[in-house]
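The values are calculated or read from the model by the stated rules, or taken from the named source; none is laboratory data. All values derive from a computational prediction rather than experimental measurement. Methodologically, a virtual Cβ is constructed for each residue, glycine included, from the backbone with ideal geometry; neighbour enumeration extends over all protein chains shown. Please note that ligands, DNA and RNA were not included when accessible areas were found on the heavy atoms of the full protein model with its side chains. Shrake-Rupley method; radii C 1.70, N 1.55, O 1.52, S 1.80 Å.
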Amino acid sequence: MRGPDPAVFGDPVSLWADLRLAEQSKPRVKRATHLKARIDGRSGKRSVSLDNSVTRRLHTLDTELRQNVSVFKEAASNRNTRLRASQSVKLSSPATRTAVTARASRTDGESWQTSIALEQELRKSIRLVASVENPGTRNRAGRVSARYRYSW
């Protein structure tokens, strides 16, 4: 996370990496772990993150658990390194094409950010999504959207 200030260089270099650390597949369970790193030579932003996901097929539901921990700096000249942690759980029904997702994330020094979303696929090309950001708080915000996708 330390290094020279990219503003000193006339032609900055950006680097990134995405490494698969572990991946396991069994008939009803899949696990994956990724390590991601990025250095943006122009802005000086730097980040390292560890993503872990577990997907499990239950009798009639698919479940997905995702966890992420990131360490990042906004610019090379900024000495403050920050930490962000997030976790989500998604339950989906292939029979009804419906999914419910709950997410929580927090960056050090800030309050928890949470959301609950409901997705419904009406057809292969139409998807409805309703979500509530920070439910149970005064600053909650709801959103309803529809997506249409057609490939030819």
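In nm, give the distance between the simple-model label positions of Leu61 and Ala102, each being 7 Å from the Cα along the Cα-to-Cβ direction.
1.0
Taking 8 Å as the Cα distance limit and 6 or more residues as the minimum spacing, I'd like the relative contact order of the range 72-152 as a percentage.
18
Can you work out the Karplus-derived ³J(HN,Hα) for every residue in the range 30-42? Use 6.51 cos²θ - 1.76 cosθ + 1.60 with θ = phi - 60°, whole Hz, and x for glycine or proline.
Rounded to whole hertz, the list is 9, 10, 8, 10, 10, 10, 10, 9, 8, 10, 9, x, 6.
Subtracting the Cα-Cα distance from 0.36 nm times the residue separation, let me have the gained length for Arg149 to Lys36 in nm, one decimal.
37.7 nm
Under unit Cβ charges (Lys, Arg +1; Asp, Glu -1), what dipole magnitude, rounded to 20 debye, does the range 90-146 have relative to its Cα centre?
Computed about the Cα centre, the dipole is about 240 debye.
Could you work out the longest stretch of the chain that avoids the trypsin sites (Lys or Arg not before Pro) located in DSSP loops with at most 13 other Cβ atoms within 10 Å? Show your work: numbers first, answer last.
Working: sites that count: Arg2, Arg28, Arg42, Arg79, Arg123, Lys124, Arg138, Arg140, Arg149.
Excluding the exposed sites themselves, the longest stretch runs over 80-122.
Sort the range 31-101 into rounded, prolate or oblate with this rule: let a ≥ b ≥ c be the square roots of the eigenvalues of the Cα gyration tensor; rounded if a/c is under 1.5, and if a/c is not under 1.5, prolate when a/b is larger than b/c, oblate otherwise.
Values: a/c = 3.58, a/b = 3.24, b/c = 1.10.
Cα axes put the range 31-101 in the prolate bin.
About the Cα centre of the chain, how large is the charge dipole given +1 on each Lys and Arg Cβ and -1 on each Asp and Glu Cβ? Please answer in debye to the nearest 20.
460
Quick check for you: with a 1.4 Å probe and neighbouring chains kept, what is the accessible area per residue of the chain, in Å²?
76
Using a 1.4 Å probe on the protein heavy atoms, what percent of the accessible area of the chain belongs to carbon and sulfur?
So the carbon and sulfur contribution to the accessible surface is 53 percent.
What spacing in nm lies between the two simple spin-label points modelled at Ala130 and Trp112, each 7 Å away from Cα in the Cβ direction?
Taking the two extended label points, one gets 2.4 nm.
Restricting to Cα pairs below 8 Å that are 6+ residues apart, what does the relative contact order work out to for the chain? Please round to a whole percent.
Numbers: 352 pairs, mean separation 19.1, N = 152.
Computed over the chain, the figure is 13 percent.
What shape does the chain have by the C-alpha gyration tensor, where a ≥ b ≥ c are the square roots of the eigenvalues, rounded means a/c under 1.5, and otherwise prolate means a/b greater than b/c and oblate the rest?
Details: a/c = 1.98, a/b = 1.66, b/c = 1.19.
Note, shape of the chain comes out prolate.
Please report the net charge: other residues with Cβ closer than 12 Å to the Cβ of Asp40, K and R +1, D and E -1. Before the final figure, lay out each step's value.
Working: positive: Arg38, Arg42, Lys45, Arg46, Lys73; negative: Glu74.
Charge balance in the 12 Å sphere: +4.
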